[in-house]
Amino acid sequence: MAERKSFLLRMDPALWDELEGWAEAVIAARTKIVQGAVSMVDMALKELAEKHVVQLDDERRAAMVSNLMVVLCGESEVHPVVNTGTLYA
């Protein structure tokens, strides 16, 4: 990283500043996406519990949180999977 920065600073210091600005913008956007996803997952779990829609043990709650975070934060198209079995043997 230091070599690249040194090279870019020699070539065009403004380019390095621009790249840093882009990187900061990407990080800020990702942070907002994750914060929003966490908020949505929290809301979903609370509503499911309050309305007695489904009873989730810790393992199933963790699986749901993981799946929702992947869907909400992922960059690629979502492909649903229908689970016809059970988490337990």
How large is the dipole of the chain about the Cα centre if only Lys and Arg carry +1 and Asp and Glu carry -1, each at its Cβ, rounded to the nearest 20 debye? 120
Divide by every residue of the chain the summed helix terms, -39500 (n - 2.57) for each DSSP H run of at least 4, and state the resulting mean residue ellipticity at 222 nm, rounded to the nearest 500 deg cm²/dmol. -25000 deg cm²/dmol
Given the C-alpha atoms of the range 2-73, compute the convex hull and give its volume per residue in Å³. 93
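No value in this document is a laboratory result; all are computed from the given coordinates. Since this is a predicted model, take the numbers as computed values, not measurements. FYI the Cβ positions are ideal-geometry reconstructions off the backbone, even for glycines, and counts take in every protein chain you see.
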